[in-house]
Structure formats: C-alpha cells, structure tokens
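Chemist: Sending over a structure as structure tokens; questions will come in a sec.
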Amino acid sequence: MSMNSSVSGVGGSGSGGGGRCWPSTTSVSASGKRIQKEMMELNADPPDDCSAGPKGDNLYHWVSTLIGPSGPSFFFGLVALICMVNFDLGSLSVSIGFNGLFAFQRLRKSLFMSKFAGTPYEGGIFFLDITFPSDYPFKPPKVVFKTRIYHCNVDSAGNLSVDILKDSWSPALTISNVLLAIRSIFTKPDPWMWFLLVCSSFQPCSLFLVEEEKVKHSYNALVPGIAHFYLADRSKHDEVATEWTLRFAR
C-alpha cells in the first residue's frame, strides 16, 4: 500500500524549531543529496504500508505513516529455537529451577497457540517524526512515534528502540530499511533479551517475579513492564494493545 502522496509536503515551515536553520529542498549539502536520493527511491518503490516525506521544505525533518499489519504475530527467534532444539527438560529444570521451567513451558505453549494470530496493531495508523543528523548517513536518523502505542519497544514519549537505529546502523542502510525495521516490531516485538537475562542466571527464577536490577538492564525493551506482560500473558497483553490501537490510532 503506497501512501506517499498523503505524507509528502505535510505543513510546517522550513526553519525547524528553536530558530535552528535547516537545509531546505532547494539548498542541498552532501548529506542532503543523499536524503534526496533516498526520497526519490522511496517514492518510486515504497515499502508496503509505509510512507514518508519531508515536512514542508525541511529536507532533514520528515513525517512518516505506518499502517499496522494483520499478522502473523510470533517470536521468530524463540519459535525457531524451540523447533530446532530438542530440550532435555530434566536438565533445563536443574539449570533454571522449577519456576523458570514452568514459565518456559507456559511461554512455549502461548507462542505456538498465537503463531498464526493477527496483531493487535492491525488497521492502526501510526504517525512518526524522522530527523536526519547533519552527518547522515554516517549517523542514523532519530525516529519518534507521535501516535501512542502499547509496545515494549516504544516508551511513553514515543522514543523507539530497534537495533538498526543503534549499534547495527551502517551508512549503507536507507530510510526504506529503517521503515521496514520499525514496521517489523508490530509483528515481532523484542523483549527477548529481557527473557534471556531472567533465565540465564542459572538460578531458580520466575517469569512472573523478576528482580528489578535484571529488568532495568533490558536492551530493546524500553518498557520492561510491557515486555513482562507480553511474555507472561500474551492474550491479555494483546487485549490492551488492541484497545490502545482503537483509541489512539484509528
């Protein structure tokens, strides 16, 4: 679904905020030329259900729209792990304790049951702000959700945590790659590192009672409470996420 015509040229002055002078589409630096090239490529071949373009004539400030996909929704990494590895549950119980084993078995059942389910973000229209740094593409753009979303990788201020915008960034990547990576969090949330931290201590642990110091060291899970809820009770998590989508993204 191409929606670029609905985003490009959205209102706003070219001066940016706080008196800061931004390059416009008529005055282009080296980084600006790269952004213009990516804009042309994006218009010619936009990712599914994604659109993006400059806000007014400010080449370094874009707005984007993502449409929440219908599914499937499941943890690819965990499902692949479960499918590929024949777990010795006896040994596993020694490693992570009875509570951790119980939590793991419950999580495995929940994931298989929800493998072919839709996403709670289906049909939602999510708006994002994209700001390119002056030394782009050597540094990644900053992306912020402007539409509220119930997701473990997006905090209450709209800040987003995905690998492609952090350590995995490369100058070879483009804004199309960024949009695809962001869209993927609708179907593949990433509280995975949080789960590994809980169960890698080789001590009795529970998915439902987690020490604060372990939670706060989560990586992409900006909202550990939602990550916990996602893993502990997927159906209830999806109910809340669906309510938020209906309330804020429709």
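The values are calculated or read from the model by the stated rules, or taken from the named source; none is laboratory data. Quantities reported herein were computed from a predicted structural model and do not represent experimental measurements. Cβ: placed from backbone, ideal geometry, glycine included. Neighbour counts: every protein chain shown.
Chemist: Of all residues in region 215-242 being within 16 Å of Thr187 (Cα to Cα), of a type in the set (D, E, K, R) and modelled with pLDDT of 95 or more, which is farthest from the chain's Cα centre (by Cα)?
Modeler: Glu239
Listed here are the residues, each with its yes/no results for (1) of a type outside the set (Lys, Arg); (2) modelled with pLDDT of 50 or more; (3) over 19 Å from Gly124 (Cα atoms); (4) crowded, with 19+ Cβ neighbours inside 10 Å.
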position: Ala157; (1), (2), (3), (4): yes, yes, no, no
position: Leu160; (1), (2), (3), (4): yes, yes, no, yes
position: Lys166; (1), (2), (3), (4): no, yes, yes, no
position: Ser200; (1), (2), (3), (4): yes, no, yes, no
position: Gln203; (1), (2), (3), (4): yes, no, yes, no
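Chemist: Hey, another quick one. I'm trying to understand the selection: among the residues of region 152-172, which are among the acidic types (Asp, Glu) and touching a helix residue (DSSP H, G or I) at 6+ places or on another chain (Cβ under 7 Å)?
Modeler: Within region 152-172, none qualify.
Chemist: Residue by residue through region 10-57, note down the ones that are at pLDDT below 65, surrounded by 14 or more Cβ atoms within 10 Å (Cβ to Cβ) and assigned to a loop (DSSP other than H, G, I, E, B).
Modeler: First, pick out the residues of region 10-57 that are at pLDDT below 65: 10-27.
Next, only the ones that are surrounded by 14 or more Cβ atoms within 10 Å (Cβ to Cβ) stay: 10, 12, 14-16, 22-25.
Within region 10-57, Gly12, Gly14, Ser15, Gly16, Trp22, Pro23, Thr25 meet the criteria.
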